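Trainee: Dumping the structure here so I can ask a few things about it.
The values are calculated or read from the model by the stated rules, or taken from the named source; none is laboratory data. Everything numeric in this text was worked out from a predicted model, so none of it was measured. So basically every Cβ, Gly included, is an ideal-geometry build from the backbone, and we count neighbours across all protein chains shown. For the accessible areas, the whole protein counts, side chains as well, though only heavy atoms, and no ligand, DNA or RNA atoms are used. Shrake-Rupley method; radii C 1.70, N 1.55, O 1.52, S 1.80 Å.
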Amino acid sequence: MELLNSLLMMLNEMSPYILLGFFIAGLMHAFVPQGSMARHLSGTGWRPVVKAAMIGVPLPLCSCGVLPTAIAMRRAGASRASSTSFLIATPQTGVDSIAATWSLLGPAFALIRPVAALVTAIFGGVAVGKSEHSVTAACDCAPEAGVTVARQGFIHKLADALRYGFVDLVSSIGGWLVAGLIIAALITVYVPSDFFSALGSTPIFSMIAVLVIAIPMYVCATGSIPIAMSLMLKGLSPGTALVLLMAGPAANFASFTLISREMGRKPALIYLSSIIIGAVAFGLAIDYLLPTQWFDLGHIHGLCGHAHGFSVFATVCSGILVLLLAYALLRPHKHHNHINTTEMTKEYQIKGMNCPHCQATVAKAIAAVKGVTDVDVNLGAAKATVSGDHDSAEVIAAVHAAGFEAVQ
């Protein structure tokens, strides 16, 4: 019962802010033209790097969703430096996670987190730019398929915003959000209060321990928030919590491997080093330079077994969020036991898809190919079934331009 109470209280604290973040994220997706990003991120110098970081901070993309986006931008002409900056900034935060951070960790964390992501991204991007001995020519591949779309009216864009924010985005991070809440509740209820006391007294050791755990694992920016909060309630320092919030979403082995393949080993090492150095530097700054009362979690009620009731508004928001998560996690996916491949219907194996965002990106890219009349992208089977009188080479090129690989 105590575990359920802790879980519900955290859900009530977060749900209004998460729903607001999903709505803002949907509006950004529908009304901000993404195809123009690469044009602003080409060229050399620090300006494209800063632009990439500033674009990436509010975008609600997880580390798997940001990879194909950044690769597509790179192939469309963005520099290695700006692409690296975008890769560092984007998964660490977003409008949804900023709102959720405010709800559980307070305004100081909500403000410092995007600032840390911005500074770290600029540092990493500039470092990559300086490491290149010569300016690399813009990619000579065609602009990515599926970025330019037909003009839509306001109602259609609003519907697209709601669908993306409350369906696609929930599908993308819902599983990790649920996992984060459950892990946080388990830590809160079952881990003794003095378990982390030794590490908490020496922040640098606790930060190293968190890095060892956070870098190989995968957790989204929003899902990491309740885990960080629970660790703080058990004695770890606020700076250590920030290390988890930065390194957990931004760095994992899959990201490092793909970046190495697409941009080279040196940019990948700079990418990883920038996240580690930035996380530890900001973590130490929080622990030794900023007032401790800024990071007090006294506003959190009921997480340690002292419930103070549920507000009606928060409870309604929690109910809506639970319904959205249930729909996203349990909705049926299309499966094909047998597909007859003909001249008009062809099947492609897609490599690199990790979430519904990736699935939607692939579908959008293929749908833009001349002659394609229908596309069915199966995330679980990693396959795309394409109908219409189309050229297979163009489909493969479109998928490649979108940041994935296709094999017929």
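Trainee: In the stretch 233-276, what count of residues is obtained for those that are of a type in the set (A, V, I, L, M, F, W, C), closer than 28 Å to residue 107 by Cα, touching a residue at least 60 places away in the same chain (Cβ under 8 Å) and surrounded by fewer than 24 Cβ atoms within 10 Å (Cβ to Cβ)?
Mentor: 2
Trainee: Consider the stretch 348-377. How many of its residues are surrounded by fewer than 18 Cβ atoms within 10 Å (Cβ to Cβ) and part of a strand (DSSP E or B)?
Mentor: Of the residues in the stretch 348-377, 4 are surrounded by fewer than 18 Cβ atoms within 10 Å (Cβ to Cβ) and part of a strand (DSSP E or B).
Trainee: Taking the stretch 78-129 as the region of interest, how many residues are open to solvent by 10 Å² or more (accessible area, probe 1.4 Å) and outside any helix (DSSP H, G or I)?
Mentor: 1
Trainee: Please list, ordered by first then second residue, the pairs with beta carbon atoms under 7 Å, 6 or more apart or interchain, first in the stretch 102-116 and touching a residue at least 12 places away in the same chain (Cβ under 8 Å), second small (Gly, Ala, Ser) and surrounded by fewer than 24 Cβ atoms within 10 Å (Cβ to Cβ).
Mentor: Going by the 7 Å Cβ cut-off, the qualifying pairs are 102/110.
Trainee: Would you please list the contacts, defined by Cβ atoms under 7 Å and residues six or more apart or on different chains, that run from a residue in the stretch 361-375 that is more than 18 Å from residue 160 (Cα to Cα) to a residue that is part of a helix (DSSP H, G or I) and of a type in the set (D, E, K, R)?
Mentor: Going by the 7 Å Cβ cut-off, the qualifying pairs are 369/394; 370/394.
Trainee: Here's a follow-up. Tell me the helices (runs of 4 or more DSSP H) entirely within the stretch 1-71 that contain at least 1 residues that are more than 26 Å from residue 160 (Cα to Cα) and either open to solvent by 20 Å² or more (accessible area, probe 1.4 Å) or at pLDDT below 75 (or both).
Mentor: Numbers: elements: 2-31, 37-40, 46-56.
Hits in the stretch 1-71: 2-31, 46-56.
Trainee: Filter the stretch 381-408 for residues that are open to solvent by 50 Å² or more (accessible area, probe 1.4 Å) and in contact with a Ser or Thr (Cβ under 9 Å, 6 or more places away or on another chain) and give the result. Don't jump to the end; show me each part of the working.
Mentor: To start, the set of residues in the stretch 381-408 that are open to solvent by 50 Å² or more (accessible area, probe 1.4 Å) comprises 383, 389, 391, 393-394, 396-397, 400, 405, 407-408.
Hits for the stretch 381-408 are 389, 408.
Trainee: Looking only at residues in the stretch 148-207 that are among the aromatic types (Phe, Trp, Tyr) and in a helix (DSSP H, G or I), which one is modelled with the lowest pLDDT? Quick ask: steps written out before the conclusion?
Mentor: Just the residues of the stretch 148-207 that are among the aromatic types (Phe, Trp, Tyr), to begin with: 154, 164, 166, 176, 190, 195-196, 205.
The next check asks that each one be in a helix (DSSP H, G or I); those that pass are 154, 164, 166, 176, 190, 205.
Working: 154: 84, 164: 79, 166: 87, 176: 68, 190: 77, 205: 85.
Taking the candidates together, the pick is 176.
Trainee: What are the residues in the stretch 380-408 that are free of Cβ contacts under 8 Å to residues at least 40 places away in the same chain and part of a helix (DSSP H, G or I), if any?
Mentor: Within the stretch 380-408, 393, 394 qualify.
Trainee: If we scan the stretch 281-292, do we find a residue that is at pLDDT 90 or above and open to solvent by 60 Å² or more (accessible area, probe 1.4 Å)?
Mentor: Of the stretch 281-292, the ones at pLDDT 90 or above are 281-291.
With the extra rule that they be open to solvent by 60 Å² or more (accessible area, probe 1.4 Å), the set shrinks to 288-289.
Yes.
Trainee: Let me ask something else about it. Can you run down the residue pairs with Cβ atoms below 8 Å, 6 or more apart or on separate chains, where the first is in the stretch 44-63 and under 21 Å from residue 26 (Cα atoms) and touching a residue at least 60 places away in the same chain (Cβ under 8 Å) and the partner is open to solvent by 50 Å² or more (accessible area, probe 1.4 Å) and small (Gly, Ala, Ser)?
Mentor: 63/254
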